[in-house]
Every structure is written in structure tokens, then in C-alpha cells.
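S.K.: Sharing a structure, written as C-alpha cells. Questions coming.
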Amino acid sequence: MIVNQWLAAAHTKDAIGDSARRLRDLLRGIGHESELYALTIDGDLESEVRPFADPSSRRGDFTILHYALPSPMSAALASLDRGRILHYHNITPPAYFAAYDPALTRLAVLARRELATLVGRVDLALGVSEFNRRELESLGFSPTDVLPIAVDTSRITRPVRRPAIERLLDDELVNFLFVGRIAPNKKIEDHIFLAEHYKRYVDAYYRFIFVGRYDVVPRYYAMIRALISEFKMLEERFIFTGPVPDEELAVYYRHAAVYISMSEHEGFCAPLVEAMAADVPVLAYAAAAVPETLGGAGVQFSPKDLEQAAELAGALVFDEPFRTGVIEGQRRRLQDFGEERILRDLTRVLDL
């Protein structure tokens, strides 16, 4: 059987692309033919991903469109005569961008409109979480199911060394980590507010590290930097690395005391799985798909009481029995994202 996957853009260090490549490898491993096709392809992926213009992109017994942005692929999927599968990765609500970037606001609006045009024109609509599946169902898609992101945790568990970064992180400061783009739905400002509460009520020896692009919404990033200045915080306590190679990402996870998520809208949140794989205890605001991804693991809180969150962060750092218990729970949850479960989910989807 031929199972092809379509991506609007094939990028390295991208959760959607990484998941698609892992799914392809697993499909090949169980005897299927499988290729990836994209409209735009990063140079280092040209040997792995074929151009969407290749006629073979339309010849699958099943075709999986990974949807997060509008593209000509939506109409192309609807035009196929068999095996049309939508894999919905989430669209950030446009209201989060409205105050910072009109173009991104418009893009999010268009993405939601285009998603709705596929109702009744696909054979199966998948969410990467139950949270996303319910959104698809509310739009009128049927049948629906869930196929989580296939997270490759090996990239952050390899025993690599980066002495310069390790020297920076191995000091008296406690490292709090966030991984992802600096965008309004991630609520990075709440990390800054949390830092103020943590400094005031728990411990003054802290450092917040943000690994990921900070040029996606420039006005939002500028607001974050202004907030740090407004609170008269030490700027060196807030590190924004930009994108980093996998080897460096592994080092940041390895030296993190706590992984923090303040996000208010996530369709899955792959870094939560990475943090669990790296044995970094997770402190997360329980919103959108975050509780589903954690599945009871980590430490979750709601409502967003940042004084309470600061106390919980301190407990995860300094209360060793509490910290150990959280990590053990995360290890149990991590087993649900192993290869066996992914293959089981894939098989179920292709049997529908």
C-alpha cells in the first residue's frame, strides 16, 4: 500500500515535519511505500522530501495532509478520489496576534476559513489531540479520530557535550526552560511575571531560558524585552537563544531544573514530551491540549495563579522527594508516546 504525506513546508527542527518523517519511517518499516511531498523544502531535506509538483504525489492509496496553514494542497487533497486524510495540527486563534501583527492575524483567519472548506471533502479527519479532534467535529468533519504527533525524543537524550554552554549553565543559578517560538499564545509575559514572584517569594538565584525563534512576532518580542526592563530585572537572567541545533537543545534540557509552560493555546505541545524524556519536571498551566498531552503527569495548575506557580516551581527545585515523584510519573506517561503506540494508532487509522 502507498501512504503519502503532504506538507506545505518541509523544515528542519519543526514538530510537524519531524513527526511526518518519523511516520514515514514507521510506515516503511511495516511494509508500506511512503513518501513526503512539500511545496517548499529546506536545502538539507531535499534528499528526503519530494516536490509537490511531482505527479507521484497524487498516486497514494492514502494521502495525509498535515494542516496548519492555508495552501494549494487543501484543494488538491479534496480533488483526490480515494484515501483523503486530514491531519490537523492546530491553528492559533487570530485574536492572539491582533495587537501585534495584522498579517499573522489575517493568515490565522484564512487558515480557519480554508480548513472549513474541507468539511465533507475528506474521508477521515484526524486531530493531533482530542482537543483538536473536538474542534474538527464542531466544524462538521466526520468521521474523526486522533493521531498524536510522533515526537522523536532521541534528539534530546543523546549524551552530547557542549562545554561552552555547559560552563554558562553550571553555576549557582536555577535554570527554568521553555522551548518554542516566542509568540503571543505562549504567554511569555507570564514567565516574566512568574520570575518576579519567584524572586520575591522563593529564591533570587534563577535564570529563565527561552529556546526558539523570537523573530516570528517582532512587536511581541519587543514587548517582552520592555517588560523585563520595566520590572528592573537583570537582563542576563533571561536568555533568548533563537533556534539551536539538536545537540545544543539536548544540553539545555539536561541542565534545566524545571520546564515551564504558560501557554494558553496548544494543539499538542511536543516540548512537553521532550521534557519528560529528558527527566525535566514540567510545571504547566492546564489549558487547551496541555492536560491531555501530560495525561496527569507533571505539575499542572489552573487558574493562572502565579504566586502558587512560583511556590510549585520552588518545590520542584528544592523538594527532592516531590521532584523525584513527579519525574517518575512523567516516565510512566512517556511510555504512551513510544513506537508501539504510534504503530497501533497508525494501523487503526489506515484500517478505517
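Since every read-out is calculated from the coordinates, none of them should be taken as a lab result. Computed from a predicted model, the values in this text were never measured in an experiment. Note that each Cβ is placed from the backbone with ideal geometry, even for glycine, and that neighbours are counted across all protein chains shown.
S.K.: Quick one: angle between helix 188-201 and the longest Cα principal axis of the chain, in degrees between 0 and 90, rounded to 10, please.
M.R.: The answer is roughly 30 degrees.
S.K.: If you count, for each residue, the other Cβ atoms within 10 Å and average over each peptide, how do 290-299, 268-277 line up from highest to lowest?
M.R.: Ranked by mean Cβ neighbours within 10 Å, highest first: 268-277, 290-299.
S.K.: Got a sec? Which residues in region 203-218 would a label at Glu48 touch, if it sits 7 Å along Cα→Cβ and we count backbone N under 20 Å?
M.R.: 212-213
S.K.: Something else now. May I have the pair-distance distribution P(r) for the chain, computed from all Cα-Cα distances with 20 Å bins from 0 and rounded to whole percent?
M.R.: Values per bin, smallest distances first: 29, 57, 14, 0.
S.K.: May I ask which residue of Ile16, Ser261, Phe97 lies farthest towards the positive end of the charge dipole of the chain, with charges of +1 (Lys, Arg) and -1 (Asp, Glu) on Cβ and the Cα centre as origin?
M.R.: Value: Phe97.
S.K.: Now, a different point. Return the loop-located chymotrypsin sites (Phe, Trp or Tyr not before Pro) in region 14-122 (DSSP other than H, G, I, E, B) with at most 11 other Cβ atoms within 10 Å of their own Cβ; answer none if there are none.
M.R.: Passing sites in region 14-122 do not exist.
S.K.: Ok, one more. Do the sum for the chain: with -39,500 (n - 2.57) for every DSSP H run of n ≥ 4, divided by all residues, what is the mean residue ellipticity at 222 nm, to the nearest 500 deg cm²/dmol? Show your work: numbers first, answer last.
M.R.: Working: 14 runs with 149 residues, N = 352.
Calculated from helices alone, the mean residue ellipticity at 222 nm is -12500 deg cm²/dmol.
S.K.: What angle do you read, to the nearest 10 degrees and between 0 and 90, between the alpha-carbon axis of helix 15-29 and the longest principal axis of the chain?
M.R.: 50
S.K.: If one computes P(r) from the Cα atoms of region 88-148, what percent of pairs lie at distances over 13 Å?
M.R.: Every Cα pair in region 88-148 considered, those over 13 Å come to 61 percent.
S.K.: Relative contact order of the chain: what whole-number percent is it, with Cα pairs under 8 angstrom and at least 6 residues apart?
M.R.: Computed over the chain, the figure is 14 percent.
S.K.: Could you work out the longest stretch of the chain that avoids the trypsin sites (Lys or Arg not before Pro) located in DSSP loops with at most 11 other Cβ atoms within 10 Å?
M.R.: Working: sites that count: Arg82, Arg161, Lys232.
Here the longest segment lacking exposed loop sites spans 233-352.
S.K.: Could I get the Rg over Rh figure for region 96-223? Both from C-alpha atoms, Rh via Kirkwood, rounded to two places.
M.R.: Expressed as Rg/Rh, it is 1.08.
S.K.: Let me check against my output: what whole-number percent is the relative contact order of region 1-135, with C-alpha pairs under 8 Å and at least 6 apart? Could the numbers behind the result be given before it?
M.R.: Working: 219 pairs, mean separation 30.6, N = 135.
Relative CO of region 1-135 lands at 23 percent.
S.K.: A further question follows. Convex hull volume of the Cα atoms in region 197-352, per residue, in Å³?
M.R.: Spelled out: Cα convex hull of region 197-352, divided by residues, is 142 Å³.
S.K.: So, one more: Most fluctuating residue of Ser129, Ser74, Ser154 in a GNM of the chain with Cα springs under 10 Å: which is it?
M.R.: For the chain, modelled as a Gaussian network with Cα springs under 10 Å, the answer is Ser154.
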